[in-house]
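Chemist: A single structure is presented below for examination.
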Amino acid sequence: MISELVSFINNILWGEGQVLIYLLIIAGVWFTLKLNFIQIRHFRHMFSVMKGSGKSDKSGISSFQALCTSLSARVGTGNLAGVAVAISLGGAGAVFWMWVIALLGMATGFAESVLGQLYKVRDDNGEYRGGPAYYIQQGLNKRWLAITFALFLFLGYGFIFSAVQANTITDALNFAYDIPTLHSGLVIIGLAALIVVGGLRAIARFAEWVVPFMAVGYIAVTLFVTIMNIDLLLAMLMDIIQSAFGLQEAGAGALGAAFKNGVQRGLYSNEAGSGSVPHAAASATPNPNHPVSQGYVQMLGVFIDTMILCTCTAFVILLAGGSSSDQMEGIRLTQNAMSSHLGGGGTEFVAAAISLFAFTSVVANYAYGESNLHMFKLDNKLGRACYTTGYLAMILWGSMAALPEVWAAADMALGLMTVINITAIIMLTPTIVSISKDYFDKHKQGKNMEYHTGDCEIQGESEKGIWDKGD
């Protein structure tokens, strides 16, 4: 019964209805136009904002920690297993559409992260909390919709997505080393519990050290593989372009499959528009002290996740010969591809990479769910204990569940979150445009980049005190 319901909802969101595909493209184009192609015009500025990004105060984490935390959640199964699934189902052309949705998603990610920072609040411990539930409640004054989003986020990031990550880790380790999935699942639970018990700051410190290490290592190995196969590079790029537009024998059918799977897996990987990343953006102490600065930081996160890391996996798979006959082989397709390049060590390398990538996601997902406990007045010891117990139990379930079953549940949760969040940020477009213009004008005129309440017109009102002068 439950599987049938999940299938029905996914068919509307991702299948024949393709509601999310249209919604994501509309949102990406909308904010690209409203913000005057910010992801292109301000591409260099996106990097310059990271100067001095290690600064924070007692209320928040640093901008660099916020970027690493968001990348912890973004960089996981979508970058290795998800790309493999997209290529298996949609062919090489799916990679092109992943790039397109990432480019558009950079504008969407900018918009939602600005809102997350603008409408943040302080919890009972004086720490920043924020996200779609908060800007829906404060900006749109629709508490019922805010609560609905928070519930879907608990379902997705609090529980199901961690199960997806655990599933991929245990499958990769079982394939590489024949380690029983139950044993791997128990180890994941133990390590995750040690980190998440320290809350957001502990998670941010963990991400700050692990994410740069694993990203640079993965990129380096991919560059080595690409150089080894440099003579195949041009043909591979041509295959991506031709497949993306159905210029090969398969025609329109291949175009549709490439488009659908590229967009779907691109969203799952970079999360732009889903409403997850604003939680990390809201937790940061911005530098400069303006909400828009966090928009640039998280726009960079989308670029790193999809345009760089997902592309790395795609190149490894396509340079090894492309897709597999087993359409849902997932992480094993990536392992087989890497083994064809590096020999027996390829399987072990991917197993290690996916374990790190996915584990950081498991930990960061906890932080997103915890951020919404404040919405339900459960930001206390009992509330955290109940949430943590359910979170760890889902990791154990995911470590032994069937892959299609886990992916389907994850797609549903992500889809429902995305519908609500995109609807909200489009309704809050006047605020996004107004506060962005305030930043652009101050930057152009060389003025103090700090934002204070009343500097520009916004919908609803942000938490009193946070942006007031002298705060």
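The values are calculated or read from the model by the stated rules, or taken from the named source; none is laboratory data. This is a predicted model, so every value here is computed, not measured. Counting neighbours? That spans all protein chains shown, and the Cβs are built from the backbone with ideal geometry, glycine included. In case anyone asks, the SASA skips ligands and DNA or RNA and just uses the protein heavy atoms, side chains included. Shrake-Rupley method; radii C 1.70, N 1.55, O 1.52, S 1.80 Å.
Chemist: Using only the alpha-carbon atoms, how far is helix 19-34 inclined from the longest principal axis of the chain? Give it as 0 to 90 degrees, nearest 10.
Modeler: Taking Cα atoms only, the helix is inclined about 50 degrees.
Chemist: On to the next question. Roughly how many nanometres apart are two label points built 7 Å out from the Cα toward the Cβ at Ile26 and Phe175?
Modeler: 3.7
Chemist: Within 10 Å, count the other beta carbons around each residue, average over each peptide in 7-14, 155-162, and list them highest first.
Modeler: Ranked by mean Cβ neighbours within 10 Å, highest first: 155-162, 7-14.
Chemist: Continuing with this model, one more query. Starting from the amide H of Ile61, placed 1.01 Å from N in the peptide plane, find each other amide H under 5 Å away whose residue is 5 or more places distant or on another chain.
Modeler: Amide H to amide H, under 5 Å and 5 or more residues apart or across chains, Ile61 pairs with Ala284, Thr285.
Chemist: Calculate, for Thr423 and Ser340, the FRET efficiency according to 1/(1 + (r/R0)^6) with r their C-beta to C-beta distance and R0 56 Å; round to the nearest 0.05. The partial results should precede the final answer.
Modeler: Numbers: r = 44 Å, r/R0 = 0.79.
The formula returns an efficiency of 0.80 here.
Chemist: Right, something else. Once you place label points 7 Å from the Cα toward the Cβ at Lys437 and Ile219, how far apart are they in nm?
Modeler: About 3.6 nm, to one decimal.
Chemist: In whole Å, what are the Cα extents of the chain along the three principal axes, biggest one first?
Modeler: 61, 47, 43
Chemist: Averaged per residue, what accessible surface does the stretch 59-107 expose to a 1.4 Å probe, in Å²?
Modeler: Working: 610 Å² over 49 residues.
Result: 12 Å² per residue.
Chemist: Using the basic label-point model (7 angstrom from Cα toward the beta carbon), what is the Asn289 to Asn11 distance in nanometres?
Modeler: Inter-label distance under the simple model: 5.5 nm.
Chemist: Same structure again: If you count, for each residue, the other Cβ atoms within 10 Å and average over each peptide, how do 374-386, 80-92 line up from highest to lowest? If you can, show how the numbers build up before the last one.
Modeler: Values: 374-386: 13.8, 80-92: 27.8.
The most tightly packed comes first, giving 80-92, 374-386.
Chemist: Using the per-residue mean of other Cβ atoms lying within 10 Å as a proxy for protection, in what order, highest first, do the peptides 137-148, 58-69, 195-206, 421-432 fall?
Modeler: Working: 137-148: 17.3, 58-69: 24.2, 195-206: 19.0, 421-432: 20.9.
The densest-packed peptide leads the list: 58-69, 421-432, 195-206, 137-148.
Chemist: On a 0 to 90° scale, report how tilted helix 181-196 is relative to the longest principal axis of the chain, with both axes built from alpha carbons and the result rounded to the nearest 10.
Modeler: The angle comes out near 20 degrees.
Chemist: Could you calculate the FRET efficiency of Ala193 with Lys58 from 1/(1 + (r/R0)^6), where r is the beta carbon distance between them and R0 is 45 Å, rounded to 0.05? Don't jump to the answer; show the numbers that get you there.
Modeler: Working: r = 26 Å, r/R0 = 0.57.
E(calc), rounded to 0.05, equals 0.95.
Chemist: Leaving ligands and nucleic acids out of the surface, order Asp411, Asp239 by accessible area at 1.4 Å, largest first. Intermediate results must be reported in sequence, preceding the final value.
Modeler: On the way: Asp411 15, Asp239 55 Å².
In descending accessible area the options line up as Asp239, Asp411.
Chemist: Ignoring ligands, DNA and RNA, please state the percent of accessible area on the chain from carbon and sulfur, probe 1.4 Å.
Modeler: 65
Chemist: Sort out for me the Cα centre separation of the stretch 256-290 from the stretch 402-464, rounded to whole Å.
Modeler: Spelled out, the Cα-based centre of one part sits 11 Å from the other.
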